Each structure stands twice: as C-alpha cells, then as structure tokens.
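K.L.:
One structure is given below, represented as structure tokens, and several questions about it will come after.
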Amino acid sequence: MIRGVRVKAVCWLDDDADRFGAAVRGRIAEFTEAWGDVAPTGFAATAWRIAMGLDPAYVRRHPRIIDATCRRNTWDGTLACETVIAAPWPAELSRSRHWTHDRGWRDWPQTFGQYLTPTDHDLVRAPHLRTQVIVAAMIPPDRLPPPPDGPAAGVERAAQRAVAVVARELSDLLGPLLAQLDAGAPATK
C-alpha cells in the first residue's frame, strides 16, 4: 500500500485457460526455436505474445496499460518487457492552459475506465493530447519456469505457467507506479 493508496493487480489471467491452451496448440510452430533452450525467455516471450493477441486477451490488464510486449534480450538473455501506460498530462502542461489557445484540448477518451484511442469523430470535435509512460524492464531468466523440451511435453501448461509468472512480475513492478497514477496526487517523500 502506498500511503493510503491500494495497489491493484496490474495483470491477471482470464479464467478460460482452455481457450489459451487451444491457441498455443494452434500456433505450436511459433515455439520451434524455444524447444530445449536452456534459457526460458524465448518460450515465455512467445507464450506472452499469444496470450496478449487473443481477443479478448488471455492476460487481462489494468485500464491504464495500453500495451505490454515481451522479447528475449539479445544482450544477456533476460526477458525484456515494454509496457505502455496512459498517463495524465505533465504538470508543465496541466498547470496552465495558455498553450491550448481555447481549442478544447482533451485528454485520453475513456469508456468504463478503459483508456481509448480517440475516434475520428472525437478528433473532429477537439484535438487530443494522450500522454504515455513507457516502462522498459527486464525479468531475469531464473524467475521464469523452464521451457518444455518439445511440443508434446505439456506445452499448454508450460505456456500458462510462463504467462502467469510474467503477469506476476509485471504486477509487482508496475503496481506501485499505477497506484500512484490512479491516486492523482503527488507522491510524498
């Protein structure tokens, strides 16, 4: 908890694991380079990409998270994660509205708390300034479960475990940051 601000889950898994398992089986060829790899990052990145690509996504996320991608870091083999977060306008822009010249500038459009890209209709009515925070971070390989040796080695369950670990790691990393943004107040020292 951040001084009275409750930290919510950032990423969590959908209840329909069978749907994700079917997607993994249907896209098994995408895991080819990960079979038997000593580093679990390639397998985890592929599982994450499949999970996020489902509609609806197997990984549910905080409304401020616009996108979350993972890839194997070519420098040291860690799992590189990049998360795009909808953020309020910086203080330099929100303190004074002189720069807007009375053009009705708007922030992120929202529906039921979800941050959205403005539609063409929205843009006809007013310009939009959508501020983003991009978090780039690494998940060490020792925090990820080992990849299976091949496609017949329980790949669906291994993919679910890998995605669950990435979701937990991102929640631990980003939870306090998102709680602070949601609180809408400056941090206290």
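The values are calculated or read from the model by the stated rules, or taken from the named source; none is laboratory data. Please read all numbers here as calculations on a predicted model, not as lab measurements. Please note: Cβ atoms are built from the backbone with ideal geometry, for glycine as well, and neighbour counts cover all protein chains shown.
K.L.:
In the range 106-134, what count of residues is obtained for those that are among the hydrophobic types (A, V, I, L, M, F, W, C), closer than 14 Å to Pro63 by Cα and exposed (fewer than 13 other Cβ atoms within 10 Å of the Cβ)?
P.N.:
Selection size over the range 106-134: 1.
K.L.:
Might you check whether a residue that is without any contact (Cβ under 8 Å) to a residue 40 or more places away in the chain, of a type in the set (S, T, N, Q) and either in contact with a strand residue (DSSP E or B) (Cβ under 9 Å, 6 or more places away or on another chain) or assigned to a loop (DSSP other than H, G, I, E, B) (or both) occurs anywhere in the range 123-134?
P.N.:
So far as the range 123-134 goes, no, none of its residues is without any contact (Cβ under 8 Å) to a residue 40 or more places away in the chain, of a type in the set (S, T, N, Q) and either in contact with a strand residue (DSSP E or B) (Cβ under 9 Å, 6 or more places away or on another chain) or assigned to a loop (DSSP other than H, G, I, E, B) (or both).
K.L.:
Let me ask something additional. Give the range 142-155 a look and list any residue that's surrounded by fewer than 19 Cβ atoms within 10 Å (Cβ to Cβ) and modelled with pLDDT of 90 or more, or say none.
P.N.:
Asp142, Arg143, Pro145, Pro146
K.L.:
So in the range 88-122, with the set limited to residues that are in a loop (DSSP other than H, G, I, E, B) and among the aromatic types (Phe, Trp, Tyr), which one is farthest from Asp37 (Cα to Cα)?
P.N.:
Trp105
K.L.:
Which of the residues spanning the range 112-139 are modelled with pLDDT of 90 or more and either closer than 30 Å to Pro40 by Cβ or among the hydrophobic types (A, V, I, L, M, F, W, C) (or both)?
P.N.:
Result: Gln132, Val133, Ile134, Val135, Ala136, Ala137, Met138, Ile139.
K.L.:
Might you check whether a residue that is at pLDDT below 95, at negative phi and not hydrophobic (A, V, I, L, M, F, W, C) occurs anywhere in the range 82-91?
P.N.:
Yes, the conditions are met somewhere in the range 82-91.
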